[in-house]
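S.K.: Just passing along the structure, written as structure tokens.
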Amino acid sequence: MANKTWLVTGGAGFIGGNFVLDAVAAGVKAINLDALTYAGNLDTLKSLENSPGHVFVHGGIGDRALVTQLLTEHQPDAILNFAAESHVDRSIDGPAAFVQTNVVGTLALLECARDYWRELPDARRDAFRFLHVSTDEVYGSLGDTGLFTETTPYAPNSPYSASKAASDHLVRAFHHTYGLPVLTTNCSNNYGPYQFPEKLIPLVIAKAVAGEPIPVYGDGGNVRDWLFVRDHCSAIVRVLEAGRAGGVYNIGGNAERRNLEVVEAICGLLDERRPRTDGKPRASQISFVRDRPGHDRRYAIDAGKIRDELGWTPATRFQDGLAATVDWYLANTAWTQRILDGNYRLQRFGGGD
Ligand code: NAD
Ligand code: TDX
């Protein structure tokens, strides 16, 4: 990784931010293109302020002139596309922004990448990769059994997952039609430091600590397969370095949990670390609320391909990653508070009460 230059998009977000922090620490020069939407946060990257390994550029992936200028100026060895609208609930209220960034934006980025890649000298052209970060949600919803593999047919159910599916198809088409050396990763639910508090785990921590009701959608029986964010980052590096051009790799944590189990586990961790003054358990704050429209019941990843082909497995057990995440949010309340001082107040999106 050392001495490589990567164009990272969406690197001020949750996963992209963790990725940039790790990559720069490993000696990569990261050109970080981020539009700084509500989800982009430069506080995450504060430790890189004086680092020559990090160049932050405020802008969108759909800005062809800007992307072309960055490619020409920095001559990256790879492009990693994390930039997206990422919240399912927001996609229910406003799908257009999801199509704009995830589909139209990714198309612009692909066209710029193709034109740049074509002009590279032979050796650098062979080594160049465009890695697209996608989600397991493109495969739809599972019943009580079964796992998503790389050949599971696409069946996206939310405007978010439909827009990610469309972007995956464009990435695939750019390989098939133009020969662009692409890689696609479809990952399960991530959790860890620097996640925007609209998502389940940081939302529950914030609500629990604030003494507010903790909203569990429906019966709390929906299942997600949780992966610690830094394990996702290490998987992406592994795919970038050793994945077969044109390949698709599913990434998962082998940690299927019902939502209610996750919420109760967080409550238990907080009871140990930050007991309520009235002595009641935090689980007493749990409130079952109206379900998410179109709520996918179960996601679960078969991560056998990345394990067998590339030797990657997750390093973090869910109970350890969850405890580390709770500890991180308790130790970094200023990071969340700065968000809550802005426009977001832990409110629900997507047709709830
Ligand atoms: P996030 O919402 O925390 O971050 C997205 C980042 O993209 C933000 O910094 C935002 O400012 C930036 N952005 C948005 N529109 C942009 C544009 N037009 N140009 C440039 N930057 C733009 O999302 P995340 O959770 O970090 O997800 C990152 C990627 O990983 C997404 O593509 C998402 O679909 C995928 N993914 C997420 C998860 C998960 O559990 N969070 C799981 C699997 C895959
Ligand atoms: O308040 C809540 N209560 C609740 O029960 C919230 C915010 C969520 N939920 C449920 C809905 C889901 O079943 O928890 C589960 C997780 O919800 P989210 O954190 O919104 O994640 P999810 O919809 O599963 O999507 C996430 O994983 C896949 C990411 O946001 C996506 O970007 C990623 O592609």
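The values are calculated or read from the model by the stated rules, or taken from the named source; none is laboratory data. This structure is a prediction, so every number in the text was calculated from the model and none was measured. Methodologically, a virtual Cβ is constructed for each residue, glycine included, from the backbone with ideal geometry; neighbour enumeration extends over all protein chains shown. When the accessible area is computed, the model is the full protein with side chains, heavy atoms only, and any ligands, DNA or RNA have been set aside. Shrake-Rupley method; radii C 1.70, N 1.55, O 1.52, S 1.80 Å.
S.K.: Has segment 61-70 got at least one residue that is out of contact with any strand residue (DSSP E or B) (no Cβ under 8 Å at 6 or more places or on another chain), of a type in the set (Gly, Ala, Ser), at pLDDT 95 or above and part of a helix (DSSP H, G or I)?
M.R.: Applying the first criterion (out of contact with any strand residue (DSSP E or B) (no Cβ under 8 Å at 6 or more places or on another chain)) to segment 61-70 yields 62-65, 68-69.
The next check asks that each one be of a type in the set (Gly, Ala, Ser); those that pass are 62, 65.
Add one more test, that the residue is at pLDDT 95 or above, and what stays is 62, 65.
Add one more test, that the residue is part of a helix (DSSP H, G or I), and what stays is 65.
Yes, there is a match, as at least one residue in segment 61-70 is out of contact with any strand residue (DSSP E or B) (no Cβ under 8 Å at 6 or more places or on another chain), of a type in the set (Gly, Ala, Ser), at pLDDT 95 or above and part of a helix (DSSP H, G or I).
S.K.: Look at segment 212-237 and say how many of its residues are under 15 Å from Gly16 (Cβ atoms), of a type in the set (A, V, I, L, M) and open to solvent by 10 Å² or more (accessible area, probe 1.4 Å).
M.R.: Number of matching residues: 1.
S.K.: Ok, one more. For segment 19-37, what are the residues that are open to solvent by 10 Å² or more (accessible area, probe 1.4 Å) and either touching a Pro at 6+ places or on another chain (Cβ under 8 Å) or within 21 Å of Leu109 (Cα to Cα) (or both)? Don't jump to the end; show me each part of the working.
M.R.: Within segment 19-37, the subset open to solvent by 10 Å² or more (accessible area, probe 1.4 Å) is 21-22, 24-27, 29, 34-37.
Residues satisfying the conditions are Lys29, Asp34, Ala35, Leu36, Thr37.
Conditions tested, residue by residue: (1) basic (Lys, Arg); (2) within 16 Å of ligand 1 (Cβ to nearest atom); (3) over 22 Å from the mean Cα position of the chain (by Cα).
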| site | (1), (2), (3) |
| --- | --- |
| Leu269 | no, no, yes |
| Gly279 | no, no, yes |
| Arg282 | yes, no, yes |
| Val289 | no, no, yes |
| Ala300 | no, yes, no |
| Ile306 | no, yes, no |
| Trp312 | no, yes, no |
| Trp335 | no, yes, no |
| Asp341 | no, no, yes |
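S.K.: Related question: How many of the residues in segment 130-176 are closer than 16 Å to Thr101 by Cα, open to solvent by 30 Å² or more (accessible area, probe 1.4 Å) and in contact with a Pro (Cβ under 9 Å, 6 or more places away or on another chain)?
M.R.: 3
S.K.: Could you run through segment 177-203 and say how many residues are touching a residue at least 12 places away in the same chain (Cβ under 8 Å), open to solvent by 30 Å² or more (accessible area, probe 1.4 Å) and not hydroxyl-bearing (Ser, Thr, Tyr)? I'd like the intermediate steps shown before the answer.
M.R.: Pass one, segment 177-203, residues touching a residue at least 12 places away in the same chain (Cβ under 8 Å): 178, 180-203.
Subset that is open to solvent by 30 Å² or more (accessible area, probe 1.4 Å): 178, 189, 194, 199-200.
Keeping just the survivors that are not hydroxyl-bearing (Ser, Thr, Tyr) gives 189, 199-200.
Looking only at that region, the number is 3.
S.K.: Moving to a separate point now. So which residues in segment 74-100 are assigned to a helix (DSSP H, G or I), small (Gly, Ala, Ser) and open to solvent by 10 Å² or more (accessible area, probe 1.4 Å), if there are any at all? Don't jump to the end; show me each part of the working.
M.R.: So in segment 74-100, the residues assigned to a helix (DSSP H, G or I) come out as 74, 88-93, 95-100.
Still in the list and also small (Gly, Ala, Ser): 91, 96-97.
Selection gives Ala96, Ala97.
S.K.: Still on this structure: Looking at Thr152, Thr185, Thr177 in this structure, which one is within 16 Å of Ala300 (Cβ to Cβ) and modelled with pLDDT of 95 or more? Talk me through it step by step, then tell me what you get.
M.R.: Working: Thr185 fails: within 16 Å of Ala300 (Cβ to Cβ); Thr177 fails: within 16 Å of Ala300 (Cβ to Cβ).
It is Thr152.
S.K.: Ok, one more. Which one is farthest from Gly10 (Cα to Cα) among residues in segment 174-186 that are outside any helix (DSSP H, G or I) and of a type outside the set (Ser, Thr, Tyr)? Quick ask: steps written out before the conclusion?
M.R.: Step one: list which residues in segment 174-186 are outside any helix (DSSP H, G or I), which gives 179-186.
Filter once more, keeping what is of a type outside the set (Ser, Thr, Tyr): 179-183, 186.
Numbers: Gly179: 25, Leu180: 21, Pro181: 21, Val182: 18, Leu183: 17, Asn186: 17 Å.
Looking at the filtered set, the residue picked out is Gly179.
S.K.: I would also like to ask the following. Would segment 57-73 turn up any residue that is of a type in the set (A, V, I, L, M), more than 27 Å from Ser163 (Cα to Cα) and open to solvent by 70 Å² or more (accessible area, probe 1.4 Å)?
M.R.: no
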